[in-house]
Amino acid sequence: MPQAALPDLNTAWIMDKREFLNALKLKNYGVVFWSLSSINAAMPEDYRVEISDQKYNDELKKDLLVKCSHCDIELKHKDIVVREVLKHHVVATMTGTDKEKVWECSNCHKYNNLSKTPMIQIKPKEPYFLKVVPNPPSRKGSLLDRIEYHKRAEAWAYRFYTEISHQMSKLRTEYKPKGEDQEELTHIDGGEGLDF
Ligand SMILES: [Zn+2]
C-alpha cells in the first residue's frame with residue numbers, strides 16, 4: 001500500500017468510530033451500517049472484512065462436529081464427504097423426494113443420513129476473528145420484531161466493529177513506514193530486554 005495511506009486511514013477510522021458509537025447509542029442502524037462499511041471499504045483489500053451469510057456459516061462449520069449414529073464417534077463436519085444417493089422406492093414415495101444426503105463414517109464405514117445426524121457446534125473461544133460477518137439482520141414489522149431487531153442489530157454491529165478493529169490493528173502491526181524501523185527496533189529491544 002502507499003506509504004501515506006495509513007495516517008489517512010487512522011484519521012478516517014477515528015471519525016467513523018465516533019460516528020458509529022454515536023449512531024449505535026441513537027439506535028440509528030442505517031448510520032451504524034454506513035460508518036462501518038465506509039471504514040471497511042477504505043481498508044486495503046487484503047484487510048477488508050467480508051459480509052456474507054454463506055462464508056460466515058462455512059467458517060463456523062469448521063468447528064462443527066457430526067456424530068456417527070452407529071459407533072458414536074464424533075468427526076469434524078468439514079472432514080466428511082457428503083454424497084447424494086437415491087432413496088429406496090417406498091421411502092421416496094412416502095416423502096415425495098427421491099434423493100437423500102448420506103456420509104460414510106471413517107471409523108466404522110457405515111452410512112449415516114445427513115438430515116438425521118446429530119451435530120455439535122464448538123463455539124470458537126472469544127475473542128475470535130473470522131474476517132467475515134453475516135449479513136446485517138433485516139427489519140420486520142411488529143413491535144416484538146422491532147425489540148428483537150435492536151438486539152440482533154446491536155450484536156451484529158459489535159461483531160462487525162470487532163472484526164474491523166482487529167484488521168486495523170493487524171494493519172498497524174504489518175505496516176512499517178520508512179524511517180521508523182529504527183524506532184520500532186528500539187521499542188522491541190526495550191520490551192524484550194535485548195541489549196547488544
Ligand atoms: Zn461410525
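The values are calculated or read from the model by the stated rules, or taken from the named source; none is laboratory data. In this text, all values refer to a predicted model and were calculated from it rather than measured experimentally. All Cβ positions, even for glycine, are placed from backbone atoms using ideal geometry, and neighbour counts span all protein chains on display.
Quick notes
- Members of the stretch 98-138 that are in contact (Cβ under 8 Å) with a residue 40 or more places away in the chain and in a loop (DSSP other than H, G, I, E, B): CYS108, LYS110, THR117, PRO118, ILE122, LYS123, PRO124, LEU130, LYS131, PRO134, ASN135, PRO136
- Criterion: at pLDDT below 95, hydrophobic (A, V, I, L, M, F, W, C) and surrounded by 13 or more Cβ atoms within 10 Å (Cβ to Cβ) - qualifying residue of VAL31, VAL49: VAL31
- Among the residues making up the stretch 100-137, those that are among the aromatic types (Phe, Trp, Tyr) and under 30 Å from THR162 (Cβ atoms) are TYR128, PHE129.
- Pick from the stretch 108-119, criterion among the polar types (S, T, N, Q) and over 9 Å from HIS70 (Cβ atoms), ranking: nearest to the ligand (Cβ to nearest atom): THR117
- Check on GLU59, more than 17 Å from the chain's Cα centre (by Cα) and surrounded by 13 or more Cβ atoms within 10 Å (Cβ to Cβ): no
- Some residue of the stretch 183-194 being over 13 Å from the mean Cα position of the chain (by Cα) and modelled with pLDDT of 50 or more: no
The rows are residues; the columns are (1) surrounded by 10 or more Cβ atoms within 10 Å (Cβ to Cβ); (2) touching a Lys or Arg at 6+ places or on another chain (Cβ under 6 Å); (3) at pLDDT below 70.
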{"position": "VAL81", "(1), (2), (3)": "no, no, no"}
{"position": "LYS87", "(1), (2), (3)": "yes, no, no"}
{"position": "GLU104", "(1), (2), (3)": "yes, no, no"}
{"position": "PRO124", "(1), (2), (3)": "yes, no, no"}
{"position": "SER138", "(1), (2), (3)": "no, no, no"}
{"position": "GLY141", "(1), (2), (3)": "no, no, no"}
{"position": "ARG159", "(1), (2), (3)": "yes, no, no"}
{"position": "LEU171", "(1), (2), (3)": "yes, no, no"}
{"position": "ASP181", "(1), (2), (3)": "yes, no, yes"}
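- Qualifying residue in the stretch 72-81 (condition: away from the ligand (no atom under 16 Å from the Cβ) and over 30 Å from LYS116 (Cβ atoms)): no
- Residue match in the stretch 83-95 (condition: within 14 Å of the ligand (Cβ to nearest atom), free of Cβ contacts under 8 Å to residues at least 40 places away in the same chain and more than 30 Å from ALA157 (Cβ to Cβ)): no
- Output for the stretch 54-71, where each listed residue is away from the ligand (no atom under 16 Å from the Cβ) and of a type in the set (A, V, I, L, M, F, W, C): LEU60, LEU64
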